[in-house]
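The values are calculated or read from the model by the stated rules, or taken from the named source; none is laboratory data. It should be emphasised that the depicted structure is a prediction, and the values quoted were computed from it without experimental measurement. Reconstructed Cβ throughout: ideal geometry from the backbone, glycine too, with neighbour counts over all protein chains shown.
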Amino acid sequence: MISDAFWVNQDGRLTVGGCDTLALAREYGTPLYVMDESQIRVNCRNFLNAAYNGYDGESLPIFAGKSFLCKEMCRVIASEGFGLDVVSGGELYTAAAADFPREKIFFHGNNKSDAELTLALEENIGRIVVDNLPELRRLSSLAMSKNKTADILFRLKPGVDAHTHDFISTGQIDSKFGFAIETGEAFEAARTAAELPYINLCGIHCHIGSQIFEPEPYATATKVMLEFMLRVKKELGISFSDLNMGGGFGIKYKKSDTPPPFAAFLEAISETTRDFCDTHTLSLPRLLIEPGRSIAAPAGLTLYTVGSVKEIPGKRTYVIIDGGMADNPRYALYGAPYTVMAAQKANHPATQTVTLAGKCCESGDLIQEHTLLQAVAPGDLIAVLATGAYNYSMSSNYNRLPRPPVVMVENGKSRVIVRGETFEDIIRNDI
Ligand SMILES: Cc1ncc(COP(=O)(O)O)c(C=O)c1O
């Protein structure tokens, strides 16, 4: 299987967290998001171990909440000692409602509103990651009005090609996120930050992209970031305590995917940092990373029921399910690959090439095309694997479809951690 969370039992049925998927579908209905708590924790610990290995400075892994966030996820992540990256007032509010340790919250975003920045200041969170100069100036005056100093990082563009899909590649100059190093923009912003009241520039951050399979771009980006750090120290006399290298560590969506172990990415970052700091007698920064997908995706799957199978001679066979782009827009957005299986027939050979299509009124409402699947009929259960990240968090009410519930499983037990929406929820805000 593509993740240790998923197993096939002796009846040939797919299980997750020791729970039979058919039993889960009967109890909670479909579509259904399922998350395996043990797998989330294992993924966290893999990072914790790797992050501290061989690095003498401080380090903190931070979970990227955009990948999957709800109050229970905040609790699980906090209990593993992780920090949390939030990217909106809504995510920050969720973290606060779950009583997430404020000093470990990092607030990202390329256009934070005054209300969001004010909330961040009021909640006394660890760091605000500033994206641009207008935001920096607004933050300075908001902090002044509250008589609070804002501890900030700068989001920088190291100008590194992460060899991933354009839509999830973010470290290059032509990106809407952050200050460019190459053009001098970032250095001038650091000079401005040093002059602004109620602003404490503690470090720098970058995120070069997502679903990256090679450690090398991380090593390159780390070096560029450290060179910037050194220049700021030499020319502006500012020493940074934090170096945040973002997330993006690739995972297995298909059998053919061969990502390196997480440790390989972290070694690239920490070894580059250690070597550079040794050579230039810089003190070791607190090393931060922000995995999202690699924590949440392999721990989750989505269950659907087949409504119909439409064979179009000479073209293709559509297997049509009771969910779609409203609960998983990622194929429609950027052709994201997934492993699909008939959950009750997981030990049958996958002999049909099908297109898994949703029930939304869009021809592009597809979950996967040209994918191998066991022979299925209406009423059969379909599992889409590794949907724990960027599925629930990217879901919508398109076509006024209520969002499915999220169920957490562990050691053969299940519990609802996010209730499914009802039609009442759908009209809740209608006047
Ligand atoms: C700033 C930042 N940090 C971390 C992440 C998490 O990336 P991933 O889920 O690929 O690990 C993202 C994803 O978009 C991001 O924008």
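Note on the stretch 58-96: among residues that are within 11 Å of the ligand (Cβ to nearest atom) and surrounded by fewer than 24 Cβ atoms within 10 Å (Cβ to Cβ), the one that is nearest to the chain's Cα centre (by Cα) is Lys66.
Per-residue answers, yes or no, for (1) within 16 Å of the ligand (Cβ to nearest atom); (2) of a type in the set (S, T, N, Q):
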position: Gly237; (1), (2): no, no
position: Asp242; (1), (2): yes, no
position: Thr258; (1), (2): no, yes
position: Ile269; (1), (2): yes, no
position: Thr272; (1), (2): no, yes
position: Ser283; (1), (2): no, yes
position: Leu287; (1), (2): yes, no
position: Ala299; (1), (2): yes, no
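Every condition in (1) surrounded by 24 or more Cβ atoms within 10 Å (Cβ to Cβ); (2) at pLDDT 95 or above; (3) under 18 Å from the mean Cα position of the chain (by Cα) is met by Leu156 except one, and the failing one is (3).
Quick grid of which residues meet (1) in contact with a helix residue (DSSP H, G or I) (Cβ under 8 Å, 6 or more places away or on another chain); (2) surrounded by fewer than 22 Cβ atoms within 10 Å (Cβ to Cβ):
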position	(1), (2)
Gly237	no, yes
Met245	yes, no
Pro259	no, yes
Ala263	yes, yes
Leu266	yes, no
Ile269	yes, no
Thr273	yes, no
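Answer with yes or no whether Met408 is under 19 Å from the mean Cα position of the chain (by Cα) and surrounded by fewer than 18 Cβ atoms within 10 Å (Cβ to Cβ). Here the answer is no, as Met408 does not meet what is asked. Thr118 fulfils the conditions (1) β-branched (Val, Ile, Thr); (2) surrounded by fewer than 24 Cβ atoms within 10 Å (Cβ to Cβ); (3) within 13 Å of the ligand (Cβ to nearest atom) except for a single criterion, (3).
For the stretch 183-212, taking the residues that are surrounded by fewer than 20 Cβ atoms within 10 Å (Cβ to Cβ) and either of a type in the set (Lys, Arg) or farther than 30 Å from Ser145 by Cβ (or both), the one that is modelled with the highest pLDDT is identified as Arg191.
Could you give me the residue pairs with C-beta distances under 7 Å whose first residue belongs to the stretch 242-266 and is in contact (Cβ under 8 Å) with a residue 12 or more places away in the chain and under 29 Å from Ala350 (Cβ atoms), whose second residue is within 14 Å of the ligand (Cβ to nearest atom) and of a type in the set (Val, Ile, Thr) wherever it lies, and which are 6+ apart or on separate chains? What qualifies is Phe249/Ile212; Gly250/Ile212; Pro259/Ile251. Confirm whether Glu290 is buried (at least 24 other Cβ atoms within 10 Å of the Cβ), under 30 Å from Leu230 (Cα atoms) and charged (D, E, K, R). Criteria met by Glu290.
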